[in-house]
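Report on one structure; see the data block that follows.
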Amino acid sequence: MRNSTHTRPGLGVVLVLAASVLWGTTGTAATFAPEVGPLAIGAVALGVGGLLQAVVAGRGLVRALPQLRARWPLVLFGGLGVFAYPLAFYSSMHTAGVTIGTVVSLGSAPVFAALLDWATDRKRPSRRWLVAAVLGLAGMAVLSVFGGHGNSGGTGQVGLGVGLGLVAGVSYAGYAWAAHRLIGPGVDSRVAMGAVFGFGGVLLMPVLFATGGPLVSSWQAFGVGTYMALVPMFLGYVLFGLALRHIDATSATVLTLSEPVIAAGFAAVIVGERLAAGGIAGVVLIGASLVLFALPARRRLS
């Protein structure tokens, strides 16, 4: 294992940014298959991608089965998060547009992650965290009320899209929290991700079978579904896992905050999304919130 020796941090940064670029394409890619609903897109993306994560974990996953069985509530909790996240995330982008759906989903995740830590470990949030949370919540409120004008994409149901984005945010925080808690003796990061994503992928299969008919209605729709599962969801997480061999998880997580910016750029250039002044103000507030979350914590002398 080389997790403790980060010999090539530059490579780790490049790998995380490459993964973020791939993840940032998902909302725009989904617009190329308008006949496929957001539930089917979410189910094929993280359902198939999640099962592939379990396959990659392979023998390590089998060897860790006793430890995983002993900690099955965490696997269950994380798997439910993986199940809910893509359904809410792609529905959020479908209703509110790629930019708003992505920014709210990913911008709210740090708030929910800190709340989980607070509830389970009694880790009180810092003053800076509170400021960041207020900015983020204010930005989401502004998006809900004033973001529904202009060519913002989606079906124009911005309030509903923001609500679904919050569901995606709490789901994202939930499966990340569970995977982090699983990592320990006998369960490395790849095995933990394989267990959580694999279980979530199994849960998503009935949704895929029920809603995925349009994915095979045309070669373009099939290509979009295949791309979503193999490139951003599978290859993106493989790159992220490789990056963790060179940089620590905190640095990697901070770098993934570039994803909303990348997604917004693709939406503007390729899809032609344009936010009105209120929407831009909301995105700026959430962006400021993410910057505060990304700053390293100050060390206190005890």
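Every read-out reported here was derived from the displayed coordinates using simple, explicitly stated rules and does not represent laboratory data. Values in this document were obtained by computation on a predicted structure and should not be read as measured data. Neighbour counts are summed over all protein chains in view; Cβ atoms, including those assigned to glycine, are modelled from backbone coordinates with ideal geometry.
Miscellaneous remarks
- Taking every DSSP helix (H) stretch of at least 4 residues in the chain, weighting each as -39,500 (n - 2.57) and dividing the sum by the residue count yields a mean residue ellipticity at 222 nm of -23000 deg cm²/dmol.
- Pairwise Cα inverse-distance average, inverted: Kirkwood Rh of the chain (Å): 19.4
- Kyte-Doolittle mean at least 0.5, axial Cα span of 24 Å or more - DSSP H helices of the chain: 72-96, 98-121, 127-146, 158-182, 189-211, 277-294
- Most to least packed among 30-37, 108-115 [average Cβ atoms within 10 Å]: 108-115, 30-37
- Pairwise centroid distance, computed over Cα atoms, of region 160-219 with region 43-63, Å: 11
- Descending by average beta-carbon neighbour count within 10 Å, the peptides 68-74, 83-89, 20-26, 220-226 line up as 83-89, 20-26, 220-226, 68-74, the highest first.
- For region 37-48, 3J(HN,Hα) per residue [Karplus equation, 6.51 cos²θ - 1.76 cosθ + 1.60, θ = phi - 60°, Hz, x = Gly/Pro]: x, x, 5, 5, 4, x, 5, 6, 5, 8, x, 5
- Relative contact order computed over the chain (Cα-Cα under 8 Å; 6+ residues apart), in percent: 41
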